[in-house]
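As structure tokens, the structure follows; a few thoughts come after it.
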Amino acid sequence: MNVLVLNCGSSSLKYQLFRMPEEKVLIRGGIEKIGSDDAQHFYKAEGQDGQGSHEGTSTSEILDHREALRQVLHVVTRESGVLQSVNEISAVGHRVVHGGEQFALSTFLTDEVKHAIRDNVELAPLHNPANLQGIEAMEDVLPGVKQVAVFDTAFHQSMPPEHYLYPIPYVLYKRHKVRRYGFHGTSHRYVSSRVPFLVHRDLMNLKVISCHIGNGASVTAIQNGRSIDTSMGMTPLEGVMMGTRSGDIDPSIQGYVTAKEELTQEDFASMLNKHSGLFGISGLSGDMRKITEARAKGSARSALAFDMYEYRIRKYIGAYVAAMNGVDVLLFTAGVGENSPLLRRKICDHLTYLGLEIDVQANDTGKGERIISTSASRVTVCVIPTNEELMIARDTQLLVSGLESWGK
Ligand code: ADP
């Protein structure tokens, strides 16, 4: 079964085509600047048995998602020759950012489900409309093909109310759904599903702290396989310090700064989302590679940004040790989590009180999925590259084959 996985943004999309259940990526690619006359499409098609892989790029006018998806299908079939025809695509899995309280699992896309995604637009005004655009465009260009929604929030629906509620008037939760939802759920679910293969213990008996540290970043406490708390909140702005997002700040800063600087609420929100975090403190960049380089060359502001970033992640780890009364596995994933030995070492150097001992060589020189703590360490520390697309493909395959086995 071939499953196309789609992640649609407002002016971009990314895709991967999987052959399932082999979990083989046949082609991956993306289109940027949709809605312009110089939209850019790049792809990499994998050949058979490691032979004959090839890449392509093109620039053309692509006015909307429908046209973009037509071009994706053209590349997948005629241009790359990966498939003979679009009829070989059995199902499409979509990343959807906000499922609100309605979705704790992935689901087939029906009119009701689309309605619910629309209901949650207010909670994710940047993401859900773009996700819906992709879904509706796909229905047009591949009519009759099963489509599945996989929600970033779903994994965190297992949080108990005492963890997901904010200590503000309860009526705001009842009237306006104000609560913690959490994000990066598909990533936290994927990496935690890999833990038993690395540590040879059942996830159902483990306390895991998962640190997804990319441009966006979140830390999740996973007890017996279920998310019980996570650092992102009603929106992805809460929690640890990120590339350009602030993470936690005192809510009173908003009134004070908007008055002093004569800013609107929108200006303030944009400042917290796009001009804060590593970028805001360093004045240089939200990209950890640039911060690390500048720090090494003696930039005091980049060093400060790095130290704050590390400290704020470490505080959440400490909080989740308390939340679960212990931790068995600490894992790092995503761009920074997978690729910055320095950040991992600095965090772990402050967790020795847990009996955690890092293996410096495994941390600094190893590659891919691995344990980076010593055999004497009381907490197993792992690096696990995330793979949200594979998780979406798996969920899609599971739902479609379930349907087939029921003879529908
Ligand atoms: P996104 O949230 O957009 O998916 P990623 O998970 O790709 O982001 O993470 C992007 C971040 O990873 C950037 O800050 C980038 O600098 C960082 N990163 C990538 N490679 C390295 C590296 N070798 N060392 C440090 N940081 C890295």
Got the relative contact order for region 106-185 handy, in percent, Cα pairs under 8 Å and 6 or more residues apart? 31
Give me the distance between the Cα centres of region 56-102 and region 159-234, rounded to whole Å. 31
Kirkwood hydrodynamic radius, region 126-206, all distinct C-alpha pairs: what's the number in Å? 16.0
Accessible surface of R189 in the full protein assembly, 1.4 angstrom probe, to the nearest 10 Å²? 70
List the GluC sites (Glu not before Pro) within region 205-272 that DSSP assigns to loop and that have no more than 10 neighbouring Cβ atoms inside 10 Å. E262
In region 335-408, what is the volume of the convex hull around the alpha carbon atoms, normalised per residue and reported in Å³? 117
Starting from the Kirkwood Rh over alpha-carbon pairs, what translational D in µm² s⁻¹ does region 180-238 have by Stokes-Einstein at 20 °C and 1.002 mPa s? 185
Averaged per residue, what accessible area in Å² does region 191-231 show with a 1.4 Å probe, protein chains only? 36
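Ignoring ligands, DNA and RNA, what percent of the 1.4 Å accessible area of the chain is carbon and sulfur? Could you put the intermediate results ahead of the total?
Details: 9660 of 19270 Å².
After summing per-atom areas, the C and S share lands at 50 percent.
Tell me, in nm to one decimal, what length is gained between R378 and V86 on full extension, where the rule is 0.36 nm per residue of separation less the Cα-Cα distance?
Details: separation 292, 0.36 × 292 = 105.12 nm, distance 5.13 nm.
Between R378 and V86, full extension yields an extra 100.0 nm.
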Note down the nm distance, to one decimal, between modelled labels 7 Å out along Cα→Cβ at R301 and at D250. 2.3
Of the residues S58, T333, V400, the Cα lying farthest along the dipole of the chain towards its positive end, which is defined by charges on the beta carbon of Lys, Arg, Asp and Glu, belongs to T333
With 5 Å bins from 0: P(r) over region 258-297, alpha-carbon pairs, percent: 6, 24, 21, 18, 13, 8, 8, 3
Ranked highest first by average number of other Cβ atoms within 10 Å, how do 94-105, 152-163 line up? 94-105, 152-163
Mean-square fluctuation maximum in Gaussian network of the chain, Cα pairs under 10 Å, restricted to A322, A68, A259, hits A259
Which lysines, on any chain, are close to K33 with Cα under 18 Å apart, when same-chain ones fewer than 8 places away are left out? K14
Residue farthest toward the positive end of the dipole of the chain, with Cβ of Lys/Arg at +1 and Asp/Glu at -1: which of M1, V141, S36? M1
Quick calc, region 273-408, dipole around Cα centre from Cβ unit charges on Lys, Arg (+) and Asp, Glu (-), nearest 20 debye, gives 500
7 Å from Cα along Cα→Cβ at both Y166 and D119: what's the point-to-point distance in nm? 2.1
How far, in degrees from 0 to 90, does helix 65-74 lean away from the longest principal axis of the Cα atoms of the chain, to the nearest 10? 70
Here, T110 and E61, labelled 7 Å along Cα→Cβ, have an inter-label distance in nm of 4.1
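Note down the net charge around A39, summing +1 for each Lys or Arg and -1 for each Asp or Glu among other residues with Cβ under 9 Å from its Cβ. If you can, show how the numbers build up before the last one.
On the way: positive: K33; negative: E32, D37, D38, E61, E67.
Once positives and negatives cancel, what remains is -4.
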Would you mind calculating the relative contact order of region 340-408 from Cα pairs under 8 angstrom and at least 6 residues apart, reporting the percent as a whole number? 22
Roughly how big is the chain's charge dipole about its Cα centre, with Cβ charges of +1 (Lys, Arg) and -1 (Asp, Glu), in debye to the nearest 20? 960
For q values of 0.09, 0.17, 0.19, 0.22 Å⁻¹, compute log₁₀ I(q)/I(0) with the Debye formula on a Cα-only model of region 1-139, without solvent. -0.28, -0.94, -1.11, -1.34
Pairs of alpha-carbon atoms within less than 8 angstrom and 6+ residues apart define the contacts here; what relative contact order does region 263-408 have, in percent? 15
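Write down the accessible area per residue of region 1-74 in Å², having rolled a 1.4 Å probe over the full set of protein chains.
Details: 3640 Å² over 74 residues.
With the other protein chains kept in place, region 1-74 gives 49 Å² per residue.
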For the chain, take every pair of Cα atoms, bin their distances at 20 Å starting from 0, and report each bin as a whole percent. 25, 58, 18, 0
Taking max minus min of the Cα coordinates of region 234-325 on each principal axis, largest first, gives extents in Å of 40, 36, 18
Per the charge dipole of the chain (beta-carbon charges, Lys/Arg positive, Asp/Glu negative, Cα centre), the residue among T186, G216, V383 reaching farthest to the positive end is V383
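How much net charge surrounds L203 when only the other residues with a Cβ under 14 Å from the Cβ of L203 are counted, with Lys and Arg +1 and Asp and Glu -1? List each step's numbers first, then the result.
Working: positive: R189, R194, R201, K207, R226; negative: D202, D328.
Value of the local net charge: +3.
The values are calculated or read from the model by the stated rules, or taken from the named source; none is laboratory data. All figures in this text were calculated on a predicted structure; none of them were measured in a lab. Note: ideal-geometry Cβ built from the backbone for every residue, glycine included; neighbour counts use all protein chains shown. The protein model used for the area step is the full one, side chains on, heavy atoms only, and it has no ligands, DNA or RNA in it. Shrake-Rupley method; radii C 1.70, N 1.55, O 1.52, S 1.80 Å.
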